[in-house]
1. Please pick out the residue among Gly73, Gly146, Gly115 that is closer than 15 Å to Val30 by Cβ and touching a Ser or Thr at 6+ places or on another chain (Cβ under 9 Å).
2. On the basis of being touching a Ser or Thr at 6+ places or on another chain (Cβ under 6 Å), in contact (Cβ under 8 Å) with a residue 60 or more places away in the chain and on the phi < 0 side of the Ramachandran plot, does Asp172 make the cut?
3. Can you pull out the residues in segment 115-124 that are touching a helix residue (DSSP H, G or I) at 6+ places or on another chain (Cβ under 9 Å) and surrounded by fewer than 21 Cβ atoms within 10 Å (Cβ to Cβ)?
4. Among Trp11, Trp103, which is modelled with pLDDT of 95 or more and on the phi < 0 side of the Ramachandran plot?
5. State all residues of segment 93-129 that are assigned to a helix (DSSP H, G or I), in contact with a strand residue (DSSP E or B) (Cβ under 9 Å, 6 or more places away or on another chain) and within 25 Å of Ser62 (Cβ to Cβ); if no residue qualifies, say none.
6. When the residues of segment 28-41 are filtered to those that are of a type in the set (A, V, I, L, M) and crowded, with 18+ Cβ neighbours inside 10 Å, which remaining residue is modelled with the lowest pLDDT?
7. Name, by its number, the condition in (1) touching a residue at least 40 places away in the same chain (Cβ under 8 Å); (2) among the aliphatic types (A, V, I, L, M); (3) surrounded by fewer than 17 Cβ atoms within 10 Å (Cβ to Cβ); (4) within 20 Å of Gly236 (Cα to Cα) that does not hold for Val54.
8. Kindly state which strands (runs of 3 or more DSSP E) lie completely within segment 3-89 and contain at least 3 residues that are of a type outside the set (A, V, I, L, M, F, W, C).
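The values are calculated or read from the model by the stated rules, or taken from the named source; none is laboratory data. These figures come from a predicted structure and were not determined experimentally. Here the Cβ positions follow ideal geometry from the backbone for every residue, glycine too, while neighbour counts run over all protein chains shown.
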Amino acid sequence: MVVFVKEFGSWEKAAQACAGYDSQAIIEKVYQSALKVKSGEAVYERDSVLFDRVQYSWPVLSALMWVAAQNEGRLNVIDFGGALGTSYYQNQKFLESLKDVRWNIVEQEKFVEIGKKDFENQQLKFYSDLDVCMRDTGAPVVLFSGVLQYLQNPYGILKKIKSANVKVIIFDMTPFHLGKQDRIVIQSVPRSIYKARYPSWIFSEAQFLAFFKNDSVLESFENFRGILTNDTVFKGYLIRLNH
């Protein structure tokens, strides 16, 4: 369950009331959990929580395989905010069937340092700068898996991606509501995971889709509902950019 506890008028005010994802205690917890997945001691982790079976996002996996099918079995993806490889390890069993995989994670500097030291391999790479990652990899697809809402300037990032050579964007676990304007709220993380509160957007679905009015929305899918207002829903989108 995702709980939004309060609405704010600005991102800055919401951020002042939060303890964010960059705290050392949270990074360490994510690191230890990711190590267990890498070593085979655990099957899957998400937000530092370990699971005894993989919880797939089948629409995302289908989208990734669809992209690879159009590129002779090759997948070159930028995973924006991908932590230490959560989605990479989540889908690894299926990625192994592809001819070639390049999984490029763009993250905070602290995660990148850990990623390069303990997780990077021939397939999995880490970058702290989106521009550098797009330039060096030429990746045609970007994945935002439960990440876009935590960016202070999400549309600025999307504009940068649209101006590059990216052909497809995959969104997953993104909160939307039916109103005309984006909302800024605080998301409270359950204490069973770790103690944290984040500023978060709840996007106006109409405003979000208007941003992509010249592109092709190929599919959408619903994940689950958040708790703040009755019209909040988490969704995913597969969008092909029409340059």
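1. Gly146
2. Yes: the conditions hold for Asp172.
3. Hits for segment 115-124 are Asp118, Gln123.
4. Testing whether each residue is modelled with pLDDT of 95 or more and on the phi < 0 side of the Ramachandran plot leaves just Trp103.
5. If the condition is that a residue be assigned to a helix (DSSP H, G or I), in contact with a strand residue (DSSP E or B) (Cβ under 9 Å, 6 or more places away or on another chain) and within 25 Å of Ser62 (Cβ to Cβ), then Leu95 is the only one that fits.
6. Filtering first and then ranking leaves Val30.
7. Here Val54 meets the rest and fails (1).
8. The strands (runs of 3 or more DSSP E) meeting that bar are 44-46, 74-80.
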